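The values are calculated or read from the model by the stated rules, or taken from the named source; none is laboratory data. Predicted model, so just to flag it, every value in this text is computed and none were measured. Positions of Cβ are generated from backbone atoms using ideal geometry, with glycine treated the same way; all protein chains shown enter the neighbour counts.
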Amino acid sequence: MSVERSAAQDVEIFTPSFTAEQQRELAKRLTTFLSQYSRLSDSYIIEFFTEDLWHTLPSSWQLVLQDLSYPQIADLLLDAAHEDRRYPSVWPLSLLAFRAAAHSLAFPREHRREQVTAAGSVKPEEFLENQSQSSLLGHIFRKHVKPKKQHEIRKLGTLVKQLCDQTDCSRVVDVGSGQGHLTRFLSFGLGLSVTAIEADHTLVAMASKFDGQLLWALEKDNQKKNVSSQFPVLQCFPRHVAGWVNPKASWEAFINQLREVDCVSKSLPTSSGPCKKRLRSSEGQGSAQPQDSSQQPSQQNESKEEVSAETCCSYIQRDCQEDVNLEENSLQSYPDFVLTGLHACGDLSATLIRHFVNCPHVRGITSVACCYMKITTKEHPSPPGLVVPPTPLTPGQESSPIEFGYPMSSWVRGLPGHQLSYKAREGACHAVEDYIRRLREESELLRTHCYRAMLETFVRDTRPDLRRAGIQTIKKAHLLPFTEYARLGLLRVGLPPDLPLHPERVKAMLKQQGRVVVYFSLALLLAPVVETLVLLDRMIYLQENGVDSQLVPLFDPNFSPRNFVLVALKPCG
């Protein structure tokens, strides 16, 4: 089975999910619901004791929730698909309505055609034989790539290829490309011409190094297959550039940034790659087929969906017709391309969507978002973690209006209660499926929230002005007694590690660990709803600009929590 066909089976991407009217109506319901329960979504679990969060819940909720076991919390609150709900007591209608509304308003995170994960494993079935190696991805694309990323690049890469086929476009721009894992699969695996942009210079250097290692692996594969002839390697492998895509920049500035890449020499890496001049292949052919397929038993054992080394070689020597000479002052001559971003952080995803709408050269887009808390809003234009531009924009490079990452659409911007706090957006990044597993396993990890909330009380006793101090993860905190956890935590905020902890008070708070978990679960129930509103706002923005889109739960959410891909292409003509 070809990778192109497998992509088509993964998702039907060009049918709008629902009408513009349905999108707007859902946005109204989401903002109404979230504004009603903003106290939950905006609360910090580390303030459970200092702000007495438990008693902010309705008393009727407290009564039925306080004695739930961890598996009951998973079954009765968080798991929307759980059918056999057995209540230990009669729940108030307001709590039942809250849970039902949260589940019904959030976009479904499981794809209807998604393969069931292997029994006893959180990983997809492609990792059944080997927990660290996808059986559906060629071995040359698995080196240096963690299983989660293998799953993502295979599924997103084949979706991008499908989009390219639909738009008759062979160029792709991968923004926020990191170490180039997706870029390599798109280029060497799927035959696309790829320009990769990454802000971190170190990651760009690693991407180029890994490209060279992949080409070296292809050379070794050809040698094993006794392919004697050689052909020149044309300079069509991925182009990597260290560059920051400024959210305030115009699409013209973005295209000029890409044009600079085209002017850079695209010679092969010299340190870790094969010979610059040649790789082995079949004589005079576009692909290097083995002389005798019966002599290749190891190749026959590979997955039917794996891209072979011979296919990669044929793509390396493909004609680079897109590398045209661009007139220095002309943007119109720049070739069309498809835009993609795999877990583009904060405002970057919104920026790519705006470039897709405004730039005539962008034919399609696949956008996988990440780090919603770093999105800029009118109420919070400089959230923690916001990247500062390395150089200021020159006059004429900025986009005209002042634009924020949320909301993007005029419709959502006009809805009362549409505002999402930093904490609500941060909560939307949490992995609901992972927490459900912890609850059902009654994992010791569940005590970490209680530990941190307890520590907050002692910190504020000593320093009332020191609120929500950043304490980096304490290794294996759940295995430590609280006294040792507190000692390490106090050191990290600059307080004496031997502060008196009052044993009776510590014991009383530890008894409330179940309540801490329940409260956190109630807030976590809102996480998919917040994510739905952020992504729906982007869909409505596209619709307001004449483009239909679809939100696809492409990745397995048990494996890749940020699993939604926003897919769109511009109508012909």
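Below is a table of values for the structure above.
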quantity	calculated
Some residue of segment 416-433 being more than 30 Å from G470 (Cα to Cα) and out of contact with any Lys or Arg (no Cβ under 7 Å at 6 or more places or on another chain)	yes
Meets criteria (hydroxyl-bearing (S, T, Y) and not in a helix (DSSP H, G or I)) for S560	yes
Residues located in segment 39-59, provided they are surrounded by 17 or more Cβ atoms within 10 Å (Cβ to Cβ) and within 28 Å of the chain's Cα centre (by Cα)	L40, S41, S43, Y44, I45, I46
Criterion: over 30 Å from A80 (Cβ atoms) and out of contact with any Pro (no Cβ under 7 Å at 6 or more places or on another chain) - qualifying residue of L522, L510	L510
Meets criteria (surrounded by fewer than 22 Cβ atoms within 10 Å (Cβ to Cβ) and at pLDDT below 95) for N558	yes
Residue list for segment 174-217, restricted to those being among the aliphatic types (A, V, I, L, M), part of a helix (DSSP H, G or I), within 21 Å of the chain's Cα centre (by Cα) and surrounded by 21 or more Cβ atoms within 10 Å (Cβ to Cβ)	L182, L186, V204, A207
Number of the exception - I471 against (1) hydrophobic (A, V, I, L, M, F, W, C); (2) more than 23 Å from L65 (Cα to Cα); (3) part of a helix (DSSP H, G or I)	(3)
Long-range neighbours under 8 Å by Cβ, at least six apart or interchain, first residue among the β-branched types (V, I, T) within segment 381-393, second in a loop (DSSP other than H, G, I, E, B)	V387/A199; V387/W244; V387/G346
Meets criteria (more than 30 Å from L190 (Cβ to Cβ), at pLDDT 75 or above and in a loop (DSSP other than H, G, I, E, B)) for E110	no
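Let's see how each residue does on (1) among the acidic types (D, E); (2) at negative phi:
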residue	(1), (2)
S410	no, yes
Q419	no, yes
I436	no, yes
L446	no, yes
R452	no, yes
F458	no, yes
D461	yes, yes
G494	no, no
P497	no, yes
